[in-house]
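Written below as structure tokens is the structure these notes are about.
The values are calculated or read from the model by the stated rules, or taken from the named source; none is laboratory data. Please read all numbers here as calculations on a predicted model, not as lab measurements. For accessibility, only protein heavy atoms count, side chains too; no ligands or nucleic acids. Shrake-Rupley method; radii C 1.70, N 1.55, O 1.52, S 1.80 Å.
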Amino acid sequence: MNSYKLASGIVMKELNATLPIFPLPVFLLPEGVTKLRIFEPRYLKMVSTATSGQGFVIWLQDIKISANESATSMPWGSWVEIINFDQGDDGILEIDVKCKSLVVIKSIAHDENNLHFGDVSRIAHWSDTHVNITNGQLSRSLANVFAENDSLNNLYPKKVLNDSHWVLARWLEILPIELNVKNAFVVSYSFKDAKAFVESVILE
Amino acid sequence: MQTNLLSRPTSAKSTSMSDKINHPQLCQWLESVATNRDKVAFTHLFHFFAPKILRIARGKFPNEAQANEVVQDTMSNVWRKAHLFNQDKGAATTWVYTVMRNVTFDMLRKIQGNKEDNLSDDIWPVAEKMSCEDEVFEDHLANENLLDVIEALPQAQQDVVKGFYFREMSQEQLAVHLNLPLGTVKSRLRLALGKLKVQLGEQHD
Amino acid sequence: MINHHPKFELIQAFVNGDLPASLSAGVAIHADMCPVCQQTIAQITEQVAEASFEEEYLDRFIVDDIEALDAVAVIDFDHMIDDIVESSDISVALPKVEKTISFNDKTYTIPTALSNMELGKHAHIGKLTRSRIQLNENEIHTSLLHIQPGGGVPEHTHKGFELTVLLEGSFHDESGEYVKGDFIMLDSSHQHHPISTNGCLCYTVANDALHFTQGINKLLNPIGSFIY
């Protein structure tokens, strides 16, 4: 555990579990929701297991996150639950998943279908605590993004726009920045860093 | 609230209405508001309905401000829509009840469902009573704002997102959103990333 | 001839404004086509309205109005009146704009109750086409479902309820034939297998709170969830 680079403020929590792991280039913080299209048989199987169990973990994978970087930084994932599913025009299963919390992945095993399972522990991140402070402009600007994008808007029936952590987390998810930078907002940077970053892009 | 039957006759104001609701009087006030924008008639209506609406709203909304909003919205709809009341089609109480129920329904939906779509007037038209068979739904009220929104929702936009799910903005989208030139947005992103690297250096070197 | 109507309790809840938008619209669509229920709704509304504005009176007839207002209101009623009458705005009744929707080259008029609801994209399976109505009611799903002639819905059950209001055409199942205007409310004790010989368009509402707890089969064959 000492080899992980943890940003100050990240603490291990009690909960341990073995969960399916889904490697995806998707950055999701607690309370974040995204739609996924599932077509590979092994992931269909995983989804069906996940619905009767405790969900699964999206492990942020991207070519930009280089091998040596992931060796030194913490392998973390977004523990999600399936909140809705539907079928696309083309008949492909679409699921909406919502992040419950972040987890650290301690070990990974494969089963006969080449499905990954990981031993995980929950970690705390600023984005899973709630702070009811209206951060005016960031909230308003985010509200506009929702209003302008139906498909995003529909994912969030409940928008906690008066929670500065919630607002900031959603901004980090949707801003056009490389995934390795987003990754760093979990493993390296604090809430303050993240806030300063988003503000300098959105406000100024 | 404590009730005291004996004191009833002494309360001239509240007994003036007598046991039964004075329907012709309510109708006359409503007509007067509709045709003359009569503020005195409206004040009478307000004093009759507002406390009752407040009481009912409190049963549905624990939050005092929301209950007050029901009163405010209902009575302001009565003021603005009085001309849609048709006394041949039913009692004034029925019409005001419809207005109140619709305001309440839309507000509850807004609070619970997080959707502000004001569907009530389509479900329970305020302009016509439902008992007139041929004309049902004929002349319903439409919420102008909502109509704008619905009309403005372009099909093209839905087509573009088909098969693509919003996960991240493009730099172009961000530029449009911030109402800035693309170049400015790109340099802002670069600067912001630069600052991050400096901080990281300070922390870990 | 319409044979299936909402039961009395449902109409009462409709009048009280206690039903979710999906079911309220279902009752309104039915009543639009059913003079009998229209009449019932009108009567109940009149009674409820009368009771609403009378009961309160009985409840507090001891005090005079001004005092009562002061006692119950933290808001300033006089100020509210001034505020309201200051506006000279009048809400005009816009002419009804008829909205239509097409399924497989057939065009249908959208019921007034649905005219401001947001319709989702069409999704197809065989002879079925579904368009979700975006009401954001969590586990309650509302849709327009079109069945082409000869099409049917595979046998299924639902946790919770399943409402179908026939907007056009007809279908039949084990219990008989259903026609335009019918209001068909089923619960989890019903299992059915509707077939439409000549095609139909339905408004459907289903609540499926246990959507994801029914195991692999349900999920890998999400036909029931697709339809309702």
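With all pairs of different alpha carbon atoms counted, what Kirkwood hydrodynamic radius in Å does the stretch A:103-193 show?
15.4 Å
Roll a 1.4 Å probe over the protein heavy atoms and report the accessible area of B:ASP38 in Å², nearest 10.
Rounded to the nearest 10, that gives 40 Å².
Using a 1.4 Å probe, how large is the accessible area of C:ASP76, given in Å² and rounded to the nearest 10?
90 Å²
Quick one: which residues, 5 or more positions from A:PHE85 or on another chain, have an amide H under 5 Å from its amide H? H modelled 1.01 Å from N in the peptide plane, none for Pro or chain starts.
Under 5 Å from the amide H of A:PHE85: A:ASP96.
At the nearest 100 Å², what buried accessible area, both sides summed, do you get for C and A when the probe is 1.4 Å?
Between C and A, the summed buried area is about 1400 Å².
Roughly how much of B:LYS110 is accessible, in Å² to the nearest 10, using a 1.4 Å probe?
It works out to around 80 Å².
Which cross-chain or sequence-distant (5 or more) residues have an amide H under 5 Å from the amide H of B:MET169, H modelled 1.01 Å from N in plane?
Close amide H contacts, sequence-distant or interchain: A:LEU175.
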